[in-house]
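The next block holds one structure in the form of structure tokens; read it before the comments.
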């Protein structure tokens, strides 16, 4: 499991807040090379675990199953803990908290395109 980092300055890329047992925002789109930071805003432990989740119940938001893929896995043990990851390849990255079955989210990474 990746150790959370202690940050003293504001993150350069987007910040995803872990609060009220949710990832906020639950869907984020970034360009290749962007560093995303997750920040635990609750006094309880959460994880940020990349992988596939399935069977999300539409009424409760709880998932039926999960399978980590090893891209990233960080334990954020308490309020203020952060974890950052730089996305180097385009694609769709799903992730979840392996402790709380209702915390599921997605990062979409798009290729950098040249401006004209």
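The values are calculated or read from the model by the stated rules, or taken from the named source; none is laboratory data. Keep in mind that what you see is a predicted model, and the values were worked out from it rather than measured. Cβ placement follows ideal geometry from the backbone for every residue including glycine, while neighbour counts extend to all protein chains displayed.
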Original post:
Could you say whether any residue in region 60-77 is loosely packed, with under 13 Cβ neighbours inside 10 Å and assigned to a loop (DSSP other than H, G, I, E, B)?
Top reply: yes
**OP:** Quick one: residue 81 ticks every box in (1) buried (at least 18 other Cβ atoms within 10 Å of the Cβ); (2) free of Cβ contacts under 8 Å to residues at least 12 places away in the same chain except a single one, so which number is it?
**Re:** (2)
Original post:
When you look at residue 113, is it farther than 16 Å from residue 40 by Cα and part of a loop (DSSP other than H, G, I, E, B), yes or no?
Top reply: yes
**OP:** Answer yes or no: is there a residue in region 12-33 that is loosely packed, with under 15 Cβ neighbours inside 10 Å, part of a loop (DSSP other than H, G, I, E, B), more than 10 Å from the chain's Cα centre (by Cα) and modelled with pLDDT under 80.
**Re:** yes
Subject >> Output for region 48-59, where each listed residue is in a strand (DSSP E or B) and surrounded by 13 or more Cβ atoms within 10 Å (Cβ to Cβ) >> reply: 48, 49, 50, 51, 52, 53
Original post:
Being surrounded by 13 or more Cβ atoms within 10 Å (Cβ to Cβ), touching a strand residue (DSSP E or B) at 6+ places or on another chain (Cβ under 8 Å) and under 13 Å from residue 107 (Cβ atoms), is that true of even one residue in region 39-47?
Top reply: no
Original post:
If you go through region 87-116 one residue at a time, how many are within 14 Å of residue 36 (Cβ to Cβ), in contact (Cβ under 8 Å) with a residue 60 or more places away in the chain and surrounded by fewer than 20 Cβ atoms within 10 Å (Cβ to Cβ)?
Top reply: 4
